[in-house]
Each structure stands twice: as C-alpha cells, then as structure tokens.
Amino acid sequence: MVKFNFWERLFPIKRDFYKMLAVQAESSAKVVRFLCIWLNSRTEEDYRKLLSEADAADQHRFNMENNLIEAFATPFDRQDIYSLSIEMDKIVEYAKSTLMEMEAFQVAEDSVIHNMAQQLQAGTDQLAEAIRLLKDDPHKSQKQIEIIRKAQKAIADEYRAGMAAVFKSKDPMQALKCREVYHHIKDAEVYLGYTTDILHKIIVRLV
C-alpha cells in the first residue's frame, strides 16, 4: 500500500500525476508503434501520424510540467516525476529522428532496423503498462521492469551485430547512413533504460 506523509494528508493532492505520466507514457509508446508501422508502409499518412503523436506527447509533458510547478504536494518526489517525464520524452525524440533521417537519407528498412524497432516497441509498451499500474499496484508494475530490460538487451545485441556487418560493407556511404539510423534507435533504447531506472527507483520507494 502506498503511504502518504503528513503534508499530503494536510494538503490533499488535487492533481493526478499518476494519470498524467500514464497518458504521456501511452502517447510515447504510440509514437514508437507508428514508427514500426511507417517502416513497413513508408506512406506520407503514417509519417504524419508519427509526427502528430510526437507533438501530442510533448503537450502531455508540458501539461505535466505546468502542473508540477503549481502543485504544493505530489504523490512522490517531484524531481522523480520531472526526470521520468523528461527521459521518456527523449525516447519520442529519437524515434522521430529515426523516421526523419531515414526519409532524408533514403535508407530502406533492413532486418537490423526492423528488429531494433520491434524490440523498442515492446519495451515502450511495457513501460506504458508499468506506469499505468504504478498507482494501484506498484508490485505488479515492478514485474514489468524485467521485461523492459530484456527488450533493451535485445536492441543492444541487434545493434552490435548490425554494426559489425556495417563495418564490413563495401559501400562506405551506405554504411554511414545505416550507422546513423541504427544509432538513433539505440539512443532511444538508452533513454528507455534511463526512464526505467527512474521508474524502478520510484517503485522501490512506494512499496
């Protein structure tokens, strides 16, 4: 059970930061889903859907930050709330930059990009689920952490294998383009890890 301190009882929390973070997490996961969809379709419509959802995720973050500034009390450490939101936003930024660089550099999806993106989607879906469960069942939320870590490891493994193949390429320009795309997805995985670390710290303090 989540324990509230004296100040939280004296000044009841009026803003639902659990919900705000859950909404941002779901929007962030949608961005990654749209990336996977776009990789398969390469249509202008799916390109625009990703950018639109990325804008929505930013708005959710801005809304949360404004509420955080105005709130007297928060359900857990306000710095953790802020950091969780910021690191989650970086996942969105790197998913968006993956799309934009692939389009600009005219890079086709290969097995490495496909597999990394699919694992990133799995990881962000589980992150959204973990944050959704945080308020009512932090113990169950904690169980999602291991699944996210497995997705991270799969991305890291795929990245290393992909880079090893890139370094053997006889087309330096294509190798450079692929390396840029691989690295952006890997950066999204890194920030997925940072976000998960903060979430895990919050869970440990709540249970």
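Things worth noting here:
- Helical content of the chain, expressed as a calculated mean residue ellipticity at 222 nm, amounts to -29500 deg cm²/dmol (DSSP H runs of 4 or more residues, -39,500 (n - 2.57) each, divided by residue number, nearest 500).
- 27 Å Cα-Cα threshold exceeded, pairs from Lys150/Lys170; Lys30/Lys140; Lys14/Lys140; Lys96/Lys153: Lys150/Lys170
- Dipole of the chain [Lys/Arg +1, Asp/Glu -1 at C-beta], most positive-end residue of Asn63, Thr195, Val31: Thr195
- GNM flexibility winner over the chain from Lys177, Lys90, Lys14 (Cα, springs under 10 Å): Lys14
- In a simple Cβ point-charge model (Lys, Arg +1; Asp, Glu -1; nothing else charged), the chain has a dipole of about 600 debye relative to its Cα centre.
- Taking a Cβ cut-off of under 11 Å around Val31, the surrounding Lys, Arg, Asp and Glu residues balance to a net charge of -2, with basic ones at +1 and acidic ones at -1.
- At full extension, Asp171 and Glu146 could sit 5.1 nm farther apart than now, given 0.36 nm per residue minus the alpha carbon distance.
- Residue among Ala95, Ala57, Ala161 with the largest mean-square fluctuation in a Gaussian network model of the chain, springs linking Cα atoms under 10 Å: Ala161
- Percentage, to the nearest whole number, of Cα pairs in the chain over 32 Å apart: 22 percent
- Residue of Lys140, Lys168, Lys19 that the Gaussian network model of the chain assigns the largest fluctuation, springs spanning Cα pairs under 10 Å: Lys168
Read-outs throughout are calculated quantities, based only on the coordinates presented, and are distinct from any laboratory measurement. All values derive from a computational prediction rather than experimental measurement. Using ideal geometry, Cβ is built from the backbone for each residue, glycine included, and neighbour counts are taken over all protein chains shown.
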